[in-house]
Amino acid sequence: ILPLWLGFFFKSLAPGGVWFYEPRETLVLVLLWAWAVRFFVAIPWDGWTVGLEREDWRYADFRAKLPSPAYWAFSFSSLHLTPTLLVWAALAPASRVLLQGTAAPPLNTLDAAAALLAGGGILLEAVADAQLSRFRRDRG
């Protein structure tokens, strides 16, 4: 959810604010929304309740193998901080585009290549999500 909020936050800080959308900004926001819709569709909503009742076996395994102080340091750095930094790194190019606002240059071939790459990544994630869902359903 945070990437969507950050996208519109960056847009609100840009010259022209939230009311004027240049083609490059629109392209970035459409791709961001496409990723978000894919993400929200892929999450089984019962996972929000089931996941609160039952801990993922990998976390319990890490906790059993590592002494308490080491587990909490590992948990913070690897399970929480690293994904957060990855999201920030992935949003860095989008933030640069959205912060340009009305001062953005016109679209060019590099924008088309970036959009194709991002769209391909979203498609790849959607296929992987469908495969995982099918695997979980068939496994019983």
Count - residues of the range 92-114 that are closer than 17 Å to residue 3 by Cα and open to solvent by less than 80 Å² (accessible area, probe 1.4 Å): 6
Those residues of the range 92-130 which are part of a helix (DSSP H, G or I) and either hydroxyl-bearing (Ser, Thr, Tyr) or at pLDDT below 90 (or both), in sequence order: 95, 101, 102, 103, 109, 129, 130
The range 48-73: number of residues that are surrounded by 10 or more Cβ atoms within 10 Å (Cβ to Cβ), at pLDDT 75 or above and either of a type in the set (Phe, Trp, Tyr) or part of a helix (DSSP H, G or I) (or both): 10
Test for residue 39: is it in a helix (DSSP H, G or I) and within 27 Å of residue 136 (Cα to Cα): yes
Condition met for residue 45 (open to solvent by 40 Å² or more (accessible area, probe 1.4 Å), at pLDDT below 90 and under 30 Å from residue 137 (Cα atoms)): yes
Single unsatisfied condition, residue 30 versus (1) of a type outside the set (D, E, K, R); (2) open to solvent by less than 60 Å² (accessible area, probe 1.4 Å); (3) free of Cβ contacts under 8 Å to residues at least 60 places away in the same chain; (4) assigned to a helix (DSSP H, G or I): (2)
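The values are calculated or read from the model by the stated rules, or taken from the named source; none is laboratory data. Since the structure is predicted, the reported quantities are computational estimates derived from the model, not experimental observations. When we count neighbours, we look across all protein chains shown, and the Cβ atoms used for this are built from the backbone with ideal geometry, even at glycine. Heads up: the accessible areas ignore ligands, DNA and RNA and are worked out on the full protein's heavy atoms, side chains in. Shrake-Rupley method; radii C 1.70, N 1.55, O 1.52, S 1.80 Å.
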